[in-house]
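Visitor: After the structure tokens below, expect a handful of questions from me.
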Amino acid sequence: MDQSTPPTAYGVFKPVGRTLIALQTHDKLQSARAALSDLGFAPSSMVQYSAAEMKAQVIAELLSTSPVASFGYELDLIRQYKILAEQGCSFLVVEAPTDVLAEQVADWVHRSNPVSAQHYGHFMIQHLTEKPSGCIEQAH
């Protein structure tokens with residue numbers, strides 16, 4: 001996965017086998033990348049989005065989304081990502097296609113307290129955090 005070809009279903013971002021993590025600042029995103037690298041996740045298994053990049057992606061998706069997407073939860077999530085991006089959050093998508101890898105990322109999430117994190121499975125999206133409370137915009 002890379003930013004130019006995000007995985008979608010019916011025109012909506014759906015990174016199956018990955019965990020999307022929203023972090024308050026770019027510095028926290030960099031710390032998350034380092035911590036996950038220390039756990040054995042390769043840099044190529046992580047894709048980061050600045051607030052502006054995520055907002056632009058969401059807006060583009062909302063303009064091209066299939067009406068079928070309105071039946072799924074993914075559309076609600078990308079709207080939430082837009083709000084978080086508008087509040088200054090940075091985003092990290094971590095490839096975790098197996099239960100073991102997904103659990104490693106979830107363990108890190110539970111210790112690190114990001115703003116929001118969801119693991120996208122084939123049939124279910126698992127929330128790893130409580131509802132996001134927002135981000136604090138800070139200079140990078």
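Visitor: Every residue in region 88-97 that is under 14 Å from Gly17 (Cβ atoms) and open to solvent by less than 70 Å² (accessible area, probe 1.4 Å), please.
Guide: The answer is Val93, Val94, Ala96.
Visitor: Could you check Gln3 against (1) in a loop (DSSP other than H, G, I, E, B); (2) closer than 18 Å to His122 by Cα; (3) modelled with pLDDT under 65 and say which number it fails?
Guide: (2)
Visitor: Checking Val12 against (1) buried (at least 19 other Cβ atoms within 10 Å of the Cβ); (2) modelled with pLDDT of 90 or more: exactly one of these is not met. Which one?
Guide: For Val12, the failing item is (2).
Visitor: Looking at region 104-123, which of its residues are over 12 Å from Gly17 (Cβ atoms), part of a helix (DSSP H, G or I) and at pLDDT 95 or above?
Guide: Gln104, Ala106, Asp107, Trp108, Val109
The values are calculated or read from the model by the stated rules, or taken from the named source; none is laboratory data. If you're wondering where the values come from, they're calculated on a predicted model, not measured in any experiment. So basically every Cβ, Gly included, is an ideal-geometry build from the backbone, and we count neighbours across all protein chains shown. These accessible areas exclude ligands, DNA and RNA; they are computed on the full protein's heavy atoms, side chains included. Shrake-Rupley method; radii C 1.70, N 1.55, O 1.52, S 1.80 Å.
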